[in-house]
Amino acid sequence: MSDVTPAQAAELAANYFGIVGSAGPLPGEIDDNFRLDADGTAYVVRISPPETGAAKLAARQFVMSRLSAATMAYAFPAPPIGHEDIVSLPDGRTLTIVTWVDGVPFADLGRPEELAQDIGLLAGTVIRGLEGFDHPALHYQDHWDLASAKTTIRELSGNIMLRSDRALVEDVLDHLTVRAALLEKLPTQVIHGDINDLNVLIADGEIAGLIDFGDTRHSWRIGELAIAATYAMLGKDDPLAIAEDVVTGYVEVAHATRDEAEAIYDLIRARLAISVCVAASRRHLGNDHHLVSEEEAWELLERLDYVDAVAAAARLVAAAGYEVPEPATTILDRRDQAIGRALSLSYSTTPAGPLHIVRGEDTYLYDTMGRRYLDCVNNVAHVGHSHPDIVAAATDQMLLLNTNTRYLHDNVVTYAERLLEELPDHLDVVYFTNSGSEANELALRMAMAATERRGMAVLDHGYHGNTSALVDLSPYKFNGPGGLGQPDWVTVLPLSDPYRPDHDRDYRAVCEWLLDERPPVAGLLAESIVGCGGQVIPDTGDLHAAYEAVRERGGVCIADEVQTGFGRVGSHFWAFELHGLEPDIVTLGKPIGNGHPLGAVATTADIADDFNNGMEYFNTFGGNPVSAAIGIAVLDAIEQEGLQQNARKVGSYLLAELRRLMDRHESIGDVRGSGLFLGIEFVGDRDSKTPDPATAASVVGYAKEHGVLLSIDGPHHNVIKIKPPLVFSVDNANRLVEVVDNSLQSPGGGT
Ligand SMILES: Cc1ncc(COP(=O)(O)O)c(C=O)c1O
């Protein structure tokens, strides 16, 4: 930077160009730039260092003049007529002057997605405007030239501190090397070379102009498009869809050969790699001119690292108007061949088909196209997808030891103690399993051992697991497709749903009558918020009545906390506490291991003694040191990150916001739940409460297309369940509410 003051800049403009006005400073990396206001017209006065060279400056002036003359669609800075001169100052520097272009940078407006296609149009227009133009001074290479990407990455990537980050740019380099033959053939011409988000100016919601010709050079023609697309993609939920739009806009005005179209995707990644390499080398050199978009460039680069590169490149080839062959076998075909079809795929009936998710982080999932989805379904990734502390706990212990529970090991004992600290005092003993189903199975064995009975009671519409005994205990299954109906040994107590209350019935009397009619029960297995039943919080008095009726008849009460435990309900750590219940056995699963297969059963000393009847309980994997290390790390994360409190805060905010939607949308009959375990019930009308599964399905389909994942449950398939990772933020909640709101306003989305 030089010591030129605005007053001196104004004086230079007056002396050399005869333009008299007042000057103010502008930012600039290499040049000293000033805005000059003279007689109602604004200019940029630029003083360039000697190394830029007068020839290059003259060439830039030509380019700007030529573009201004070639297209009226956009404004470009250009030397004012009669002032095309390049002035060599006595100190060796060069003075130029160009017109000012009005507008707000595309970046400052958050890179509006609706302008993506117009960004492509701009790039195409510039390419057309510069067709056939050449100048020897524009044949140069530096770090920003896409055609030199391989050299730049090789030279600068050593400055990237983290090995994993370096691997990302090295992967880009590998791709460029593999593609060398194609890249070498790419057509070249003079391009602007830096259609980035700060150089594109917007006025009245439209692209008004393009500034900064400091990177104008002779290079790959398609690089113009790739660079423009890169910046439009930064920070977007579906970056490839944005790139497609940019490409579509470009080919409206300019031609892209098939080779060029094939190269776009790799060149986008190359531009990102160049940016982060340059940023790293500047940091290494102590240059404080940081790149504004560095963080977002890393984020996008990382995201694209998981993208199926062949499919992504093909999408951009298709956007350029070329046919692309369908891949011969998709993963869906392979799955259908190799995996039993009784396991259904989410979204398989939606137009875009099932999701192919390859990465998770925090509350987000990412598919093979780098598309980001807000996960409102996964109550297993409790403390957030791929939580680094959980991953570290697992890998550290795995590197050391993993065996079964027949040896002494600190982890499993510590973990049992930690779990018991979270449970009420009357529960004294823990057993470990590998899943929620196994936990419920074990609880069944305990209840039967303690009572020497085989009958069981459950609540209607409940689901408790995938084993044959638990399918027998799950009305959701035995009354559903393929179900064999209610088994003899099972008593089904009604689910007391406050949204559909039955005031004519004495709930307790009904329970007693049913229990006396059916075989004697060892116990009751019940959730405290019935998830598969449609996120129903049973009436507290009725739930107590069911517990009491069972206990009076000698049975034990098992609280299934597989879905609801570990702070999800916000106000309490366990959902049974919402009702003030004191279960004899509590079963745990899903969130307990944040995705690692783990489950647990906690019970009283008495029941544990009865269970210790000589028939051993051995579980090969249950409670192994790795599982225990993970379980401890999950408890730590819940505590250290205040996740129960977050569930309460964000959950009550979300509940209130969703309830506000009821003012606008008649089809929402009820919004209910606790913490981050919520349900939205859709009805035909609020008086009759006729279930409306079609609207629920259309909201879920719309939400998926807009990057939000939801699921449906309830006996009538009309309840949307919301049970995201507990790291869900207020911003996440706002996004969810916005998408549900918009979906109900969209055609076919209900009222
Ligand atoms: C309430 C409840 N209990 C038990 C289970 C069974 O857990 P898992 O699938 O881990 O065996 C589930 C699973 O969805 C559940 O929702």
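What do you reckon, is Ala147 assigned to a helix (DSSP H, G or I), farther than 18 Å from Thr216 by Cβ, out of contact with any His (no Cβ under 8 Å at 6 or more places or on another chain) and not hydroxyl-bearing (Ser, Thr, Tyr)?
On the way: assigned to a helix (DSSP H, G or I): yes; farther than 18 Å from Thr216 by Cβ: no; out of contact with any His (no Cβ under 8 Å at 6 or more places or on another chain): yes; not hydroxyl-bearing (Ser, Thr, Tyr): yes.
No.
So, Val391, is that one crowded, with 20+ Cβ neighbours inside 10 Å and free of Cβ contacts under 8 Å to residues at least 40 places away in the same chain or not? Talk me through it step by step, then tell me what you get.
Working: crowded, with 20+ Cβ neighbours inside 10 Å: no; free of Cβ contacts under 8 Å to residues at least 40 places away in the same chain: yes.
Against the criterion (crowded, with 20+ Cβ neighbours inside 10 Å and free of Cβ contacts under 8 Å to residues at least 40 places away in the same chain), Val391 does not qualify.
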For Ile722, state whether it is out of contact with any Pro (no Cβ under 6 Å at 6 or more places or on another chain) and over 28 Å from Gly370 (Cα atoms).
no
Looking for something within 47 Å of the chain's Cα centre (by Cα), more than 21 Å from Ala203 (Cβ to Cβ) and modelled with pLDDT of 95 or more - is there at least one such residue anywhere in the range 10-22?
no
Yes or no: Gly679 farther than 29 Å from Gly353 by Cβ and either crowded, with 19+ Cβ neighbours inside 10 Å or over 20 Å from the mean Cα position of the chain (by Cα) (or both)?
no
Go through the range 214-232 and give me each residue that's assigned to a helix (DSSP H, G or I) and buried (at least 24 other Cβ atoms within 10 Å of the Cβ).
Ile222, Gly223, Glu224, Leu225, Ala226, Ile227, Ala228, Ala229, Thr230, Tyr231, Ala232
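For the range 421-455, enumerate the residues that are within 14 Å of the ligand (Cβ to nearest atom) and not in a helix (DSSP H, G or I). I'd like the intermediate steps shown before the answer.
Restricting attention to the range 421-455, the residues satisfying the condition of being within 14 Å of the ligand (Cβ to nearest atom) are 432-444.
The answer is Phe432, Thr433, Asn434, Ser435.
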Looking at the structure I just gave you, is Ile202 part of a strand (DSSP E or B), among the β-branched types (Val, Ile, Thr) and more than 19 Å from Gln61 (Cα to Cα)?
yes
Any idea which of Val634, Val569, Val586 is under 24 Å from the mean Cα position of the chain (by Cα), within 16 Å of the ligand (Cβ to nearest atom) and more than 30 Å from Leu399 (Cβ to Cβ)?
Val569
The range 461-516, subset closer than 25 Å to Thr540 by Cα and hydroxyl-bearing (Ser, Thr, Tyr), residue surrounded by the fewest Cβ atoms within 10 Å (Cβ to Cβ)
Tyr499
Quick one: which of Ala522, Ala559, Ala549 is within 26 Å of Val471 (Cβ to Cβ), buried (at least 19 other Cβ atoms within 10 Å of the Cβ) and within 16 Å of the ligand (Cβ to nearest atom)?
Ala559
Test Ser528 against the criterion of being crowded, with 21+ Cβ neighbours inside 10 Å, more than 16 Å from the ligand (Cβ to nearest atom) and assigned to a loop (DSSP other than H, G, I, E, B), and give yes or no.
no
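Taking the condition of being of a type outside the set (A, V, I, L, M, F, W, C) and at pLDDT below 90, how many residues in the range 52-89 meet it? Steps first, please.
Initial filter on the range 52-89 (of a type outside the set (A, V, I, L, M, F, W, C)): 52-53, 56, 60-61, 65-66, 68, 71, 74, 77, 79-80, 82-85, 88.
Applying the additional criterion that residues be at pLDDT below 90 yields 52-53, 71, 80, 82-85.
Residues that pass the stated criteria total 8.
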Some residue of the range 118-140 being in a loop (DSSP other than H, G, I, E, B) and over 22 Å from Ala228 (Cα atoms):
yes
Consider the range 492-527. How many of its residues are within 43 Å of the chain's Cα centre (by Cα) and within 21 Å of Gly455 (Cα to Cα)?
9
Could you check the range 602-637 and list, in sequence order, the residues that are farther than 22 Å from Glu561 by Cα and crowded, with 21+ Cβ neighbours inside 10 Å?
Pro625, Val626
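I need the full set of residues from the range 233-260 which are outside any helix (DSSP H, G or I) and in contact with a Lys or Arg (Cβ under 6 Å, 6 or more places away or on another chain), in order please. Spell out the reasoning first.
Here is the first cut: in the range 233-260, the residues outside any helix (DSSP H, G or I) are 234-238, 254-257.
Across the range 233-260, the qualifying residues are Asp237, Asp238, Ala254.
The values are calculated or read from the model by the stated rules, or taken from the named source; none is laboratory data. Bear in mind that the values here come from a model prediction, so they are computed numbers and not experimental data. Glycine also receives a Cβ, built like all others from the backbone with ideal geometry; neighbour counts cover every protein chain displayed.
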